[in-house]
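Reading through the structure tokens given below for one structure.
The values are calculated or read from the model by the stated rules, or taken from the named source; none is laboratory data. Just so we're clear, the structure is a prediction, and the values are computed from it rather than from any experiment. Virtual Cβ from ideal backbone geometry, glycine too; neighbours counted across all protein chains shown. Ligands, DNA and RNA are stripped out before the accessible areas are found, and what is left, the full protein with its side chains, is counted by its heavy atoms. Shrake-Rupley method; radii C 1.70, N 1.55, O 1.52, S 1.80 Å.
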Amino acid sequence: MGKRKETNAERMFMKNISAFVREKRLEKKKTQSFVADWLGVTFQQVQKYEKNSNDLGLWNFVVYCKKFDVNPGMVISQALDNMYLPEQLIEEGKIQVTTVTSQEIANDPTHRLDAKYWINKKNEVTKSKPVNIFEIEKNEND
């Protein structure tokens, strides 16, 4: 039996967990070796967790959160809330992205900062319904 294929949603979720691991370590000014000692792994393994090369196991994730005095449930919730949408969705037109310079905002009579305004102004189309990444994954795998 082969290895199960990882979905985009799983990759994005784990990327967020990896980002949390690195950011929290740096915020607390701890070295990878210091964290490795907590988890009972090598510093190279911590590097791999932070680069999202290897998955941080559930037990080590809980230990990590507890050592940094963070609620694991909150981290998981935030990782789900902050999932990045893949470039493919932009290319398929399922989401819209635009870049606005500070000069453009300054020259606009409204001085608005909201993305919807600028997307509509630049593309002269209305923003489509938000995309549920789990539904996209489900439809692709059907």
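Overview of values
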{"quantity": "Pairs, first without any contact (Cβ under 8 Å) to a residue 24 or more places away in the chain and among the hydrophobic types (A, V, I, L, M, F, W, C) in region 31-60, second part of a loop (DSSP other than H, G, I, E, B) and open to solvent by 70 Å² or more (accessible area, probe 1.4 Å), C-beta under 7 Å, six or more apart", "calculated": "ALA36/THR42"}
{"quantity": "Extreme residue, modelled with the lowest pLDDT, among residues of region 89-118 that are more than 25 Å from the chain's Cα centre (by Cα) and of a type in the set (A, V, I, L, M)", "calculated": "ILE105"}
{"quantity": "Subset of region 1-50 [over 17 Å from the mean Cα position of the chain (by Cα) and among the acidic types (Asp, Glu)]", "calculated": "GLU27, ASP37"}
{"quantity": "Qualifying position, being modelled with pLDDT of 75 or more and closer than 30 Å to ALA36 by Cα, among MET74, MET83", "calculated": "MET74"}
{"quantity": "Residues (of a type in the set (Gly, Ala, Ser) and within 19 Å of TRP59 (Cβ to Cβ)) located in region 1-48", "calculated": "SER18, ALA36, GLY40"}
{"quantity": "Selection count, region 12-30, where residues are open to solvent by 80 Å² or more (accessible area, probe 1.4 Å), free of Cβ contacts under 8 Å to residues at least 24 places away in the same chain and either closer than 20 Å to GLY73 by Cβ or not hydrophobic (A, V, I, L, M, F, W, C) (or both)", "calculated": "3"}
